[in-house]
Structures are given as C-alpha cells and as structure tokens.
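This report refers to the structure that appears directly beneath it.
The values are calculated or read from the model by the stated rules, or taken from the named source; none is laboratory data. Model, not experiment: these values are computed from the prediction. Neighbour counts run over all protein chains shown; Cβ positions are idealised from the backbone, glycine included. Just so you know, the surface numbers come from the protein's heavy atoms only, side chains and all, with ligands and any DNA or RNA stripped out. Shrake-Rupley method; radii C 1.70, N 1.55, O 1.52, S 1.80 Å.
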Amino acid sequence: MTSVSIREVAPRDGLQNEEPVPTDAKVRLIDELSRTGVRRIEAVSFVHPKAIPQMADADEVWSRVWHNPNVRYSALIPNSRGAQRAIAAGFREIEVVVSASDTHNRRNLNRSTEESLDDIAQLIPLVHDAGATLEVIVATSFGCPFEGDIDPDRVAGIVARVRADGADRIAFGDTTGMATPRRVRDLLSAVRPDLLHFHNTRGTGLANILTALELGVTEFDASAGGLGGCPYAPGASGNVATEEVVHMLHDMGVETGIDLDRLISAAELAEEIVGRTLPSGVLRAGPRSRLV
C-alpha cells in the first residue's frame, strides 16, 4: 500500500460537539483545511437547528467558503428535507447516518434502525436524481454505549440492505471509541466498508487504523486536533486526530497528499476557535513532530 485517502471532518463532526462558534470562524477553518492538501472535507450538516444548533448556519458557511477545485466537499443530512437543502446548496456528495444499535438510533434520530433504513431507501432515488451520491454511515458499528457489543452480523445485514437499495458508499463509525484491533478484525472479517471513522476515546484510534490498513482499507475519517465527539453518545470524546494519522502514515512511507505543517497550523486554528486545548499529541510535541 502506497497511499491513503483521508476525509477531514473537523468542520462538521468536530464542531457539532462544541459550543456554537461564529460563522466567520467556521469559514476560516474550512478555508485553512482546504489549503493543506487534503482531498476530502466534510464541510457542514443540514439538520434542524433545534436538533444541532452548532450547524444552524450551514447554508451561510457553505456560501462563503473557498471551494478549492482539488477538494471534494460533502454534507451530512438526516432526512429528505436535509438532502433537498444539500442538493440546492450544490453538494454532490451527501452522507446519511443510521446506527447499528437501535437504542442509539432512537436517541440520535428519534426512530428505530429499521425505520431509518426505510427512510434511506426512499432517499437514495432523490439523491441520485439530482446527480449526487449517497454514503451511508453505520454508527455504533463497533459497540454501543447503551447496548454494549454489536454483532458483526447485524452490521453486515444493514450493509446488505442499503447496498441493495442503491447506496453508493458505506462507512463504519466507531461512535464512542469502543473499537479495538480485535473488534476491527472481527467486523471486517464479516463485512467491508469503503471508509472507517474512528474515535480515540480509549486511545486505540491509531492502532485501529493500522489494523484496518493491514486488512486493506485505505480510506479514513479524521479530525484536526482530535476535535469532535457525539452529542447523543455518553463518553464519546474526540475523533482520531488528522495530524497524528498523517504523521504516522508518512513515517511508514504511505502518502496522503497532505502537508503536515499546514495541517498542524489548521489544527492550531481549530484549537483557537474552540478556546480549549485539543488532545492531539502532535500539537503538543513541538517542531520535531513536523519532521517526517
């Protein structure tokens, strides 16, 4: 393996778990990330402002950011109304979430997993008719804070259903950082995603990525500074930090196309925006961390 694709999720997944930040700050962060060499950015989420007030200004943010032609930008949506807003805004890469855990799905989306799958089946033609693609993110794939272990066969069943319905891509989310290398092997032995999204709640994020790499996965989500979490999952701390992932991959001789110096600067901006110290060890390590 010589290259890995990273999707930067700090502007959406990262900021949705913080106190609302000004629109100007969100625009600055996306613009800074767009200059790092990252080829994919999850920019905004089109959700009801009462559900996630941190994303209430999604339309304004997207209208003001610099759209780097070398970057693919995506938006997260909860339902058909969100999809219509994303399409009207010009997005052609759209994501929707369903939880493998029924309890988490009800906490997150106010409906059962089965009901969400029925909604997704109706959503796919709407997205395709607009010339866009739909990625289905299966949250709590590696474990649930309410239900505990998740059977890999349950995740595989969800994947089979959405693929049959026409989903373009599949991602697995480690919503609360319950994944370990053993869980990664168990799940990927049952079913393969296109992309993996790891949290670092228990410090296993990089180990999980390394395990997935060994199993052939080459696309991952990561968040500048380790920013993020899940507002509907108790104990879900930050995502795996993009600069830590890039530092590890470059040291292994695996290319990402990302400039680590610029990425660290973007992570420092994220830290400034949220007004607190972020967990990334690369940020704390100083200039030597930039020598790859």
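Ignoring any ligand, DNA or RNA, what whole percent of the accessible area of the chain comes from carbon and sulfur when the probe is 1.4 angstrom?
Taking all protein chains in place, the chain shows 47 percent carbon and sulfur surface.
Taking the Cα centre of region 1-153 as origin, work out the dipole magnitude from +1 charges on Lys and Arg Cβ and -1 charges on Asp and Glu Cβ, in debye rounded to 20.
Dipole size: approximately 620 debye.
Could you grab the relative contact order for region 104-210? Cα pairs under 8 Å, six or more apart, rounded to a whole percent.
Computed over region 104-210, the figure is 26 percent.
Per residue, what accessible area does the chain have, given a 1.4 Å probe and all protein chains present, in Å²?
Ligands and nucleic acids excluded, the result is 40 Å² per residue.
Restricting to bridges with both residues inside the chain, how much of the DSSP beta-bridge set is antiparallel, in percent to the nearest 5?
5 percent
Among Val217, Val274, Val138, flag the residue with its Cα farthest along the positive direction of the charge dipole of the chain, charges on Cβ as +1 for Lys/Arg and -1 for Asp/Glu.
Of Val217, Val274, Val138, it is Val274.
Around Glu32, under 10 Å between beta carbons, what's the net of Lys plus Arg minus Asp minus Glu among the other residues?
Overall, the nearby charge balance is +1.
Grab the other residues whose beta carbon is less than 14 angstrom from that of Met252, score K and R as +1, D and E as -1, and report the net.
Neighbourhood net charge equals -4.
What value, in deg cm²/dmol to 500, does the helix sum -39500 (n - 2.57) over DSSP H runs of n ≥ 4 give at 222 nm once divided by the residues of the chain?
Helices in the chain give a 222 nm mean residue ellipticity of -12000 deg cm²/dmol.
Using modelled backbone amide H atoms (1.01 Å from N, in-plane), which distant-in-sequence or interchain residues come within less than 5 Å of Thr133's amide H?
Here Glu93, Ile94 satisfy the definition.
Relative to the Cα centre, what is the charge dipole magnitude of region 3-78, using +1 at the beta carbon of each Lys and Arg, -1 at the beta carbon of each Asp and Glu, and rounding to the nearest 20 debye?
For this selection, approximately 340 debye.
Amide H neighbours of Ile150 under 5 Å, at least 5 residues apart or on other chains, H built in the peptide plane: list them.
Residues meeting the criterion, in which the H sits 1.01 Å from N, are Gly143, Cys144.
What is the sum of charges, Lys and Arg at +1 and Asp and Glu at -1, for the other residues whose Cβ falls under 15 Å from the Cβ of Arg276?
With Lys, Arg at +1 and Asp, Glu at -1, the net is -4.
Rounded to the nearest 20 debye, what is the charge dipole size of region 82-229 about its Cα centre when +1 sits on each Lys and Arg Cβ and -1 on each Asp and Glu Cβ?
280 debye
Against the 2.2 N^0.38 Å scaling, with N counting residues, where does region 162-256 land? I'd like the Cα-based Rg ratio to two decimal places.
1.07
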